[in-house]
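Presented below is the structure to which this report refers.
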Amino acid sequence: MDRISRLPDDVICHILSFLPTKHAVATSILSSRWINLWSFLSVIDLDDTLYFNPSRRHPNSPLFVNFLDRLLSHNQSQTITNFKLHIHDSHGHTLSRINRLIHNVVTKHVVEIDLGIFFSFHTDDDCLKIPNSGSLKVVKIRCEDGLKMPAFAGCFPGLRVFDVKVSLVKSGDELLTNLFPRLPALEKLCLVGDLTDCSGEIYVNVGGVGLKRLELELNIDNYDDCDAMVVIDAPRLEYLRLQDGFMASYMVKNKPAISEVRLDVGEYDEEFVEFLEEVGHVRLPRFNELLQGLVNAKFISVAASTLKVVFSQRWNLPVLPSLTKLELDVHTSSWMLLLYWLESCPNLTVLSLIIKEKPIDDLDMLEELELTGPDAVPLCLLSRVKEIEITRLGRVDEEEMLKYLLDNAKVLDKFTVNSRMYIKDGILQ
(Lines give C-alpha, C1' and ligand atoms only; values in the text may rest on other atoms or scores of the structure.)
Protein backbone atom coordinates (compact mmCIF):
# COMPACT_ATOMS: atom_id res chain seq x y z
CA MET A 1 0.00 0.00 0.00
CA ASP A 2 1.37 3.46 -0.92
CA ARG A 3 1.91 6.18 1.68
CA ILE A 4 -1.11 8.27 0.69
CA SER A 5 -3.42 5.25 0.97
CA ARG A 6 -2.24 4.77 4.56
CA LEU A 7 -3.58 8.19 5.55
CA PRO A 8 -6.87 8.42 7.49
CA ASP A 9 -10.06 8.73 5.44
CA ASP A 10 -10.74 12.32 6.51
CA VAL A 11 -7.24 13.40 5.43
CA ILE A 12 -7.62 11.77 2.01
CA CYS A 13 -11.06 13.34 1.56
CA HIS A 14 -9.58 16.72 2.42
CA ILE A 15 -6.94 16.23 -0.28
CA LEU A 16 -9.61 15.15 -2.79
CA SER A 17 -11.63 18.28 -2.02
CA PHE A 18 -9.08 20.37 -3.93
CA LEU A 19 -9.88 18.49 -7.16
CA PRO A 20 -12.90 18.92 -9.45
CA THR A 21 -15.36 16.31 -8.20
CA LYS A 22 -15.23 14.37 -11.48
CA HIS A 23 -11.50 13.78 -10.94
CA ALA A 24 -11.98 12.99 -7.26
CA VAL A 25 -14.51 10.27 -8.15
CA ALA A 26 -12.10 8.87 -10.73
CA THR A 27 -9.67 7.94 -7.93
CA SER A 28 -12.04 5.09 -7.01
CA ILE A 29 -10.34 2.96 -9.69
CA LEU A 30 -6.97 3.11 -7.93
CA SER A 31 -7.69 0.31 -5.46
CA SER A 32 -10.34 -1.08 -3.15
CA ARG A 33 -9.02 1.33 -0.49
CA TRP A 34 -10.23 4.29 -2.58
CA ILE A 35 -13.43 2.86 -4.02
CA ASN A 36 -15.93 4.63 -1.73
CA LEU A 37 -13.95 7.59 -0.42
CA TRP A 38 -15.54 9.98 -2.93
CA SER A 39 -18.95 9.39 -1.33
CA PHE A 40 -17.74 11.17 1.84
CA LEU A 41 -16.66 14.37 0.12
CA SER A 42 -17.86 17.54 1.84
CA VAL A 43 -16.74 19.75 -1.06
CA ILE A 44 -18.55 19.25 -4.39
CA ASP A 45 -17.25 21.03 -7.50
CA LEU A 46 -19.23 20.27 -10.68
CA ASP A 47 -18.83 21.85 -14.10
CA ASP A 48 -20.39 20.34 -17.23
CA THR A 49 -17.52 21.63 -19.41
CA LEU A 50 -15.48 18.74 -17.99
CA TYR A 51 -17.85 16.48 -19.92
CA PHE A 52 -17.01 18.08 -23.24
CA ASN A 53 -18.09 16.20 -26.35
CA PRO A 54 -15.55 17.04 -29.10
CA SER A 55 -17.82 15.87 -31.92
CA ARG A 56 -20.69 18.13 -30.83
CA ARG A 57 -18.48 20.92 -29.45
CA HIS A 58 -20.50 21.33 -26.27
CA PRO A 59 -20.87 19.42 -22.98
CA ASN A 60 -22.27 15.90 -22.98
CA SER A 61 -25.34 16.83 -20.95
CA PRO A 62 -26.90 13.35 -20.52
CA LEU A 63 -23.64 12.01 -19.11
CA PHE A 64 -23.34 15.00 -16.78
CA VAL A 65 -26.95 14.70 -15.57
CA ASN A 66 -26.49 11.00 -14.79
CA PHE A 67 -23.25 11.69 -12.94
CA LEU A 68 -24.88 14.50 -10.94
CA ASP A 69 -27.79 12.28 -9.86
CA ARG A 70 -25.50 9.41 -8.87
CA LEU A 71 -23.09 11.64 -6.99
CA LEU A 72 -25.66 13.33 -4.78
CA SER A 73 -27.70 10.17 -4.14
CA HIS A 74 -24.58 8.36 -2.91
CA ASN A 75 -23.07 11.18 -0.88
CA GLN A 76 -22.70 10.03 2.75
CA SER A 77 -21.15 13.18 4.23
CA GLN A 78 -23.15 14.70 7.07
CA THR A 79 -22.17 18.18 5.92
CA ILE A 80 -21.49 19.68 2.49
CA THR A 81 -19.39 22.75 3.22
CA ASN A 82 -19.00 23.93 -0.38
CA PHE A 83 -21.29 23.23 -3.33
CA LYS A 84 -20.36 24.50 -6.79
CA LEU A 85 -22.48 23.77 -9.85
CA HIS A 86 -21.80 25.39 -13.24
CA ILE A 87 -24.01 24.41 -16.19
CA HIS A 88 -23.57 25.74 -19.73
CA ASP A 89 -26.01 23.50 -21.66
CA SER A 90 -29.74 23.26 -20.92
CA HIS A 91 -30.30 19.72 -22.21
CA GLY A 92 -31.67 17.49 -19.46
CA HIS A 93 -32.05 20.33 -16.94
CA THR A 94 -35.03 22.25 -15.57
CA LEU A 95 -35.14 24.90 -12.87
CA SER A 96 -37.38 22.71 -10.74
CA ARG A 97 -34.81 19.91 -10.92
CA ILE A 98 -31.95 22.28 -10.02
CA ASN A 99 -34.02 23.65 -7.14
CA ARG A 100 -34.43 20.12 -5.74
CA LEU A 101 -30.66 19.71 -5.82
CA ILE A 102 -30.21 23.01 -3.99
CA HIS A 103 -32.77 21.96 -1.36
CA ASN A 104 -30.97 18.66 -0.75
CA VAL A 105 -27.64 20.43 -0.40
CA VAL A 106 -29.06 22.96 2.06
CA THR A 107 -30.35 20.13 4.28
CA LYS A 108 -26.70 19.02 4.61
CA HIS A 109 -25.77 22.29 6.32
CA VAL A 110 -24.03 23.80 3.32
CA VAL A 111 -21.76 26.78 4.05
CA GLU A 112 -21.04 28.08 0.54
CA ILE A 113 -23.11 27.82 -2.66
CA ASP A 114 -21.69 28.77 -6.06
CA LEU A 115 -24.18 28.40 -8.92
CA GLY A 116 -23.60 29.30 -12.54
CA ILE A 117 -26.51 28.72 -14.93
CA PHE A 118 -25.20 30.19 -18.18
CA PHE A 119 -28.41 30.05 -20.22
CA SER A 120 -32.06 30.94 -19.78
CA PHE A 121 -34.94 28.51 -19.25
CA HIS A 122 -37.21 30.25 -21.74
CA THR A 123 -40.08 27.79 -21.30
CA ASP A 124 -39.85 27.67 -17.51
CA ASP A 125 -41.67 30.34 -15.47
CA ASP A 126 -39.96 29.29 -12.25
CA CYS A 127 -36.93 30.92 -10.60
CA LEU A 128 -33.90 29.62 -8.78
CA LYS A 129 -34.88 29.07 -5.17
CA ILE A 130 -32.67 28.89 -2.10
CA PRO A 131 -34.49 27.83 1.09
CA ASN A 132 -33.69 29.41 4.45
CA SER A 133 -30.53 28.11 6.06
CA GLY A 134 -28.81 28.62 9.39
CA SER A 135 -25.44 27.43 8.07
CA LEU A 136 -25.14 29.32 4.77
CA LYS A 137 -22.42 31.99 4.77
CA VAL A 138 -21.60 32.61 1.10
CA VAL A 139 -23.95 32.74 -1.93
CA LYS A 140 -22.54 33.23 -5.43
CA ILE A 141 -24.96 32.98 -8.36
CA ARG A 142 -24.78 33.75 -12.07
CA CYS A 143 -28.11 33.14 -13.77
CA GLU A 144 -30.14 34.70 -16.57
CA ASP A 145 -33.38 33.92 -14.74
CA GLY A 146 -34.70 35.18 -11.43
CA LEU A 147 -33.83 34.28 -7.85
CA LYS A 148 -36.22 33.80 -4.96
CA MET A 149 -35.16 33.54 -1.31
CA PRO A 150 -37.32 33.78 1.81
CA ALA A 151 -37.19 37.13 3.58
CA PHE A 152 -38.14 36.83 7.23
CA ALA A 153 -36.30 37.45 10.48
CA GLY A 154 -33.70 34.71 10.97
CA CYS A 155 -33.95 33.33 7.42
CA PHE A 156 -30.16 33.45 6.83
CA PRO A 157 -28.57 34.44 10.15
CA GLY A 158 -25.00 33.66 9.10
CA LEU A 159 -24.94 34.89 5.48
CA ARG A 160 -21.88 37.14 5.07
CA VAL A 161 -21.31 37.31 1.29
CA PHE A 162 -24.02 37.74 -1.36
CA ASP A 163 -22.57 37.90 -4.90
CA VAL A 164 -25.36 37.50 -7.45
CA LYS A 165 -26.13 38.28 -11.10
CA VAL A 166 -29.79 37.62 -11.95
CA SER A 167 -32.84 39.06 -13.65
CA LEU A 168 -34.39 41.57 -11.24
CA VAL A 169 -37.62 41.64 -13.25
CA LYS A 170 -38.17 37.91 -12.60
CA SER A 171 -36.92 37.92 -9.01
CA GLY A 172 -39.71 39.95 -7.43
CA ASP A 173 -40.07 42.16 -4.37
CA GLU A 174 -38.95 39.63 -1.75
CA LEU A 175 -35.38 39.76 -3.03
CA LEU A 176 -35.31 43.41 -4.05
CA THR A 177 -36.95 45.13 -1.09
CA ASN A 178 -37.25 42.75 1.85
CA LEU A 179 -34.28 40.36 2.00
CA PHE A 180 -31.15 42.44 2.53
CA PRO A 181 -32.24 44.37 5.65
CA ARG A 182 -33.01 40.96 7.24
CA LEU A 183 -29.43 39.66 6.91
CA PRO A 184 -27.71 40.71 10.15
CA ALA A 185 -24.32 39.17 9.30
CA LEU A 186 -24.10 40.47 5.70
CA GLU A 187 -20.75 42.19 5.06
CA LYS A 188 -20.37 42.10 1.27
CA LEU A 189 -23.17 42.55 -1.27
CA CYS A 190 -22.48 42.46 -5.01
CA LEU A 191 -25.65 42.59 -7.10
CA VAL A 192 -25.65 42.73 -10.90
CA GLY A 193 -29.27 43.18 -11.92
CA ASP A 194 -30.63 42.62 -15.41
CA LEU A 195 -33.58 44.90 -16.17
CA THR A 196 -34.24 43.60 -19.68
CA ASP A 197 -37.95 43.76 -20.60
CA CYS A 198 -38.61 45.96 -17.57
CA SER A 199 -41.53 48.36 -17.72
CA GLY A 200 -42.44 50.85 -15.04
CA GLU A 201 -40.40 51.32 -11.86
CA ILE A 202 -38.20 48.86 -10.00
CA TYR A 203 -37.53 49.43 -6.30
CA VAL A 204 -34.34 48.11 -4.71
CA ASN A 205 -33.69 48.27 -0.98
CA VAL A 206 -30.13 47.34 -0.02
CA GLY A 207 -28.19 47.66 3.18
CA GLY A 208 -27.74 46.15 6.59
CA VAL A 209 -26.29 47.02 9.97
CA GLY A 210 -23.03 45.21 9.25
CA LEU A 211 -22.69 45.81 5.49
CA LYS A 212 -19.19 47.06 4.63
CA ARG A 213 -18.89 46.56 0.87
CA LEU A 214 -21.62 47.23 -1.71
CA GLU A 215 -21.36 46.86 -5.49
CA LEU A 216 -24.53 47.48 -7.48
CA GLU A 217 -24.73 47.29 -11.27
CA LEU A 218 -28.01 47.77 -13.14
CA ASN A 219 -28.20 46.80 -16.82
CA ILE A 220 -31.08 48.03 -18.94
CA ASP A 221 -32.03 47.99 -22.62
CA ASN A 222 -34.98 50.41 -22.58
CA TYR A 223 -34.40 53.30 -20.20
CA ASP A 224 -37.30 55.23 -21.68
CA ASP A 225 -39.75 52.57 -20.41
CA CYS A 226 -38.08 51.55 -17.14
CA ASP A 227 -36.66 53.30 -14.10
CA ALA A 228 -35.02 52.18 -10.86
CA MET A 229 -35.27 53.61 -7.35
CA VAL A 230 -32.49 52.45 -5.04
CA VAL A 231 -32.35 53.00 -1.28
CA ILE A 232 -29.02 52.31 0.46
CA ASP A 233 -29.12 52.06 4.24
CA ALA A 234 -25.72 50.86 5.48
CA PRO A 235 -24.28 53.01 8.30
CA ARG A 236 -20.99 51.06 8.39
CA LEU A 237 -20.37 51.05 4.65
CA GLU A 238 -16.68 51.30 3.68
CA TYR A 239 -16.76 50.67 -0.10
CA LEU A 240 -19.44 51.58 -2.64
CA ARG A 241 -19.53 51.02 -6.40
CA LEU A 242 -22.55 52.07 -8.48
CA GLN A 243 -22.92 51.47 -12.20
CA ASP A 244 -25.82 51.99 -14.58
CA GLY A 245 -26.42 53.47 -18.02
CA PHE A 246 -29.56 55.45 -17.30
CA MET A 247 -29.03 57.55 -14.14
CA ALA A 248 -31.12 55.63 -11.64
CA SER A 249 -32.34 57.28 -8.45
CA TYR A 250 -30.09 56.60 -5.43
CA MET A 251 -30.82 57.58 -1.86
CA VAL A 252 -27.94 57.00 0.58
CA LYS A 253 -29.22 57.19 4.13
CA ASN A 254 -27.26 58.22 7.23
CA LYS A 255 -24.42 59.81 5.19
CA PRO A 256 -21.86 57.09 6.07
CA ALA A 257 -18.13 57.92 6.17
CA ILE A 258 -17.26 55.70 3.20
CA SER A 259 -13.56 55.14 2.51
CA GLU A 260 -13.97 54.58 -1.25
CA VAL A 261 -16.77 55.38 -3.73
CA ARG A 262 -16.75 54.55 -7.47
CA LEU A 263 -19.44 56.05 -9.70
CA ASP A 264 -20.22 55.13 -13.30
CA VAL A 265 -23.83 56.26 -13.72
CA GLY A 266 -25.51 57.65 -16.82
CA GLU A 267 -24.27 57.31 -20.39
CA TYR A 268 -22.87 60.12 -22.49
CA ASP A 269 -24.20 59.36 -25.95
CA GLU A 270 -26.52 61.28 -28.23
CA GLU A 271 -29.54 59.07 -27.52
CA PHE A 272 -29.26 59.40 -23.74
CA VAL A 273 -28.59 63.14 -23.82
CA GLU A 274 -31.73 63.62 -25.96
CA PHE A 275 -33.62 61.44 -23.48
CA LEU A 276 -32.46 63.68 -20.62
CA GLU A 277 -33.83 66.72 -22.43
CA GLU A 278 -37.29 65.09 -22.31
CA VAL A 279 -37.21 63.95 -18.65
CA GLY A 280 -34.80 66.50 -17.23
CA HIS A 281 -37.15 67.60 -14.48
CA VAL A 282 -37.03 64.05 -13.07
CA ARG A 283 -33.47 62.91 -13.80
CA LEU A 284 -31.46 66.12 -13.45
CA PRO A 285 -31.47 66.33 -9.63
CA ARG A 286 -30.52 62.69 -9.14
CA PHE A 287 -26.75 62.97 -9.25
CA ASN A 288 -26.78 65.78 -6.71
CA GLU A 289 -29.11 63.76 -4.49
CA LEU A 290 -26.64 60.89 -4.67
CA LEU A 291 -23.72 63.15 -3.76
CA GLN A 292 -25.68 64.62 -0.87
CA GLY A 293 -25.69 61.15 0.67
CA LEU A 294 -21.94 60.87 0.07
CA VAL A 295 -20.83 64.13 1.70
CA ASN A 296 -18.77 62.20 4.25
CA ALA A 297 -16.96 60.06 1.66
CA LYS A 298 -13.16 60.27 1.75
CA PHE A 299 -12.37 59.10 -1.81
CA ILE A 300 -14.57 59.31 -4.91
CA SER A 301 -13.81 58.01 -8.41
CA VAL A 302 -15.96 59.20 -11.34
CA ALA A 303 -16.09 57.64 -14.82
CA ALA A 304 -15.67 59.83 -17.90
CA SER A 305 -19.23 59.25 -19.13
CA THR A 306 -20.67 60.39 -15.79
CA LEU A 307 -18.40 63.42 -15.68
CA LYS A 308 -19.59 64.63 -19.07
CA VAL A 309 -23.29 63.86 -18.72
CA VAL A 310 -23.35 65.80 -15.44
CA PHE A 311 -21.94 68.96 -16.98
CA SER A 312 -23.80 68.59 -20.27
CA GLN A 313 -26.85 69.46 -18.20
CA ARG A 314 -25.09 72.27 -16.28
CA TRP A 315 -25.48 70.61 -12.90
CA ASN A 316 -23.95 72.30 -9.88
CA LEU A 317 -22.26 69.97 -7.43
CA PRO A 318 -22.75 70.07 -3.67
CA VAL A 319 -19.78 70.71 -1.39
CA LEU A 320 -17.95 67.54 -0.33
CA PRO A 321 -16.09 68.64 2.83
CA SER A 322 -14.71 65.21 3.81
CA LEU A 323 -13.27 64.34 0.39
CA THR A 324 -9.47 64.15 0.49
CA LYS A 325 -8.86 62.12 -2.71
CA LEU A 326 -10.57 62.50 -6.08
CA GLU A 327 -10.06 60.25 -9.12
CA LEU A 328 -11.50 61.33 -12.48
CA ASP A 329 -11.52 59.68 -15.89
CA VAL A 330 -11.07 62.61 -18.27
CA HIS A 331 -10.74 63.19 -21.99
CA THR A 332 -8.18 65.83 -22.87
CA SER A 333 -10.78 67.81 -24.80
CA SER A 334 -12.94 68.11 -21.69
CA TRP A 335 -10.30 68.38 -18.97
CA MET A 336 -11.71 71.67 -17.68
CA LEU A 337 -14.66 69.76 -16.25
CA LEU A 338 -12.39 68.62 -13.43
CA LEU A 339 -12.07 72.23 -12.23
CA TYR A 340 -15.75 72.30 -11.31
CA TRP A 341 -15.20 69.18 -9.22
CA LEU A 342 -12.28 70.86 -7.48
CA GLU A 343 -14.52 73.78 -6.54
CA SER A 344 -16.69 71.31 -4.59
CA CYS A 345 -13.76 69.71 -2.72
CA PRO A 346 -12.36 72.33 -0.32
CA ASN A 347 -10.18 69.84 1.60
CA LEU A 348 -8.84 67.79 -1.30
CA THR A 349 -5.18 66.74 -0.95
CA VAL A 350 -4.78 64.07 -3.67
CA LEU A 351 -5.93 64.40 -7.29
CA SER A 352 -5.71 61.41 -9.63
CA LEU A 353 -6.48 61.76 -13.34
CA ILE A 354 -6.84 58.88 -15.79
CA ILE A 355 -6.60 60.11 -19.37
CA LYS A 356 -9.07 58.46 -21.72
CA GLU A 357 -9.09 58.40 -25.50
CA LYS A 358 -11.82 60.68 -26.83
CA PRO A 359 -14.59 58.69 -28.55
CA ILE A 360 -15.14 59.86 -32.13
CA ASP A 361 -18.90 60.16 -31.61
CA ASP A 362 -18.25 62.63 -28.75
CA LEU A 363 -16.81 65.32 -31.02
CA ASP A 364 -20.01 67.21 -31.85
CA MET A 365 -21.46 66.90 -28.36
CA LEU A 366 -18.25 68.10 -26.71
CA GLU A 367 -18.22 71.17 -28.94
CA GLU A 368 -21.78 71.94 -27.83
CA LEU A 369 -20.63 72.03 -24.18
CA GLU A 370 -18.61 75.19 -24.95
CA LEU A 371 -16.23 74.30 -22.17
CA THR A 372 -14.77 77.10 -20.12
CA GLY A 373 -13.13 76.93 -16.75
CA PRO A 374 -14.42 78.68 -13.62
CA ASP A 375 -13.63 82.36 -13.21
CA ALA A 376 -11.21 81.72 -10.33
CA VAL A 377 -8.71 78.96 -9.61
CA PRO A 378 -10.29 76.39 -7.24
CA LEU A 379 -9.18 77.12 -3.69
CA CYS A 380 -8.15 73.55 -2.92
CA LEU A 381 -5.72 73.57 -5.88
CA LEU A 382 -4.08 76.72 -4.55
CA SER A 383 -3.80 75.71 -0.91
CA ARG A 384 -4.58 72.02 -0.32
CA VAL A 385 -3.60 69.66 -3.15
CA LYS A 386 -0.23 68.10 -2.32
CA GLU A 387 -0.22 65.17 -4.72
CA ILE A 388 -1.24 64.85 -8.39
CA GLU A 389 -1.10 61.60 -10.32
CA ILE A 390 -1.79 61.38 -14.06
CA THR A 391 -2.15 58.02 -15.79
CA ARG A 392 -1.74 57.43 -19.53
CA LEU A 393 -0.31 60.85 -20.32
CA GLY A 394 1.32 61.28 -23.72
CA ARG A 395 -0.55 63.55 -26.15
CA VAL A 396 0.38 67.02 -27.31
CA ASP A 397 -3.10 68.41 -26.55
CA GLU A 398 -2.60 67.60 -22.85
CA GLU A 399 -0.05 70.42 -22.51
CA GLU A 400 -2.68 73.02 -21.56
CA MET A 401 -4.01 70.84 -18.73
CA LEU A 402 -0.51 70.16 -17.40
CA LYS A 403 0.44 73.81 -17.47
CA TYR A 404 -2.70 74.84 -15.60
CA LEU A 405 -2.21 72.27 -12.85
CA LEU A 406 1.50 72.92 -12.34
CA ASP A 407 1.09 76.71 -12.39
CA ASN A 408 -1.69 76.71 -9.80
CA ALA A 409 -0.88 73.81 -7.43
CA LYS A 410 1.04 76.05 -5.06
CA VAL A 411 1.65 73.52 -2.27
CA LEU A 412 2.32 70.49 -4.47
CA ASP A 413 4.76 67.98 -2.98
CA LYS A 414 4.47 65.07 -5.40
CA PHE A 415 3.69 64.89 -9.12
CA THR A 416 3.52 61.42 -10.71
CA VAL A 417 3.06 60.63 -14.39
CA ASN A 418 2.42 57.18 -15.86
CA SER A 419 2.96 57.86 -19.53
CA ARG A 420 1.74 56.26 -22.74
CA MET A 421 5.08 57.15 -24.25
CA TYR A 422 7.83 54.57 -24.45
CA ILE A 423 11.47 54.31 -25.55
CA LYS A 424 12.49 52.29 -28.60
CA ASP A 425 16.07 52.09 -29.84
CA GLY A 426 17.00 54.91 -27.52
CA ILE A 427 14.41 57.26 -28.99
CA LEU A 428 11.39 58.63 -27.06
CA GLN A 429 8.30 57.61 -29.04
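The values are calculated or read from the model by the stated rules, or taken from the named source; none is laboratory data. Just so we're clear, the structure is a prediction, and the values are computed from it rather than from any experiment. Neighbour counts run over all protein chains shown; Cβ positions are idealised from the backbone, glycine included. Note: areas computed on protein heavy atoms with side chains; ligands, DNA, RNA excluded. Shrake-Rupley method; radii C 1.70, N 1.55, O 1.52, S 1.80 Å.
Quick one: how many residues across region 93-111 are under 21 Å from Thr49 (Cα atoms) and open to solvent by 50 Å² or more (accessible area, probe 1.4 Å)? So the count comes out to 1.
Candidates are the residues of region 23-63 that are at pLDDT below 75 and charged (D, E, K, R); the one that is least open to solvent (accessible area, probe 1.4 Å) is Arg33. Against the condition under 17 Å from Phe156 (Cα atoms) and touching a residue at least 12 places away in the same chain (Cβ under 8 Å), how does Glu112 come out, does it pass? Against the criterion (under 17 Å from Phe156 (Cα atoms) and touching a residue at least 12 places away in the same chain (Cβ under 8 Å)), Glu112 qualifies.
The one condition from (1) assigned to a loop (DSSP other than H, G, I, E, B); (2) at pLDDT 60 or above that Thr416 does not meet is (1). Residues considered: Leu211, Leu175, Leu186. Of these, the only one that is open to solvent by less than 60 Å² (accessible area, probe 1.4 Å), touching a residue at least 12 places away in the same chain (Cβ under 8 Å) and either outside any loop (DSSP other than H, G, I, E, B) or small (Gly, Ala, Ser) (or both) is Leu175.
With respect to the conditions (1) at pLDDT below 70; (2) of a type outside the set (Ser, Thr, Tyr); (3) open to solvent by 30 Å² or more (accessible area, probe 1.4 Å); (4) not in a helix (DSSP H, G or I), Asn347 falls short on a single one, namely (1).
As for region 139-158, it holds no residue that is open to solvent by less than 60 Å² (accessible area, probe 1.4 Å), closer than 27 Å to Asn296 by Cα and touching a residue at least 24 places away in the same chain (Cβ under 8 Å).
When Leu317 is tested against (1) in contact with a helix residue (DSSP H, G or I) (Cβ under 7 Å, 6 or more places away or on another chain); (2) open to solvent by 10 Å² or more (accessible area, probe 1.4 Å); (3) assigned to a helix (DSSP H, G or I); (4) closer than 24 Å to Asn254 by Cα, just one condition goes unmet, and that condition is (3).
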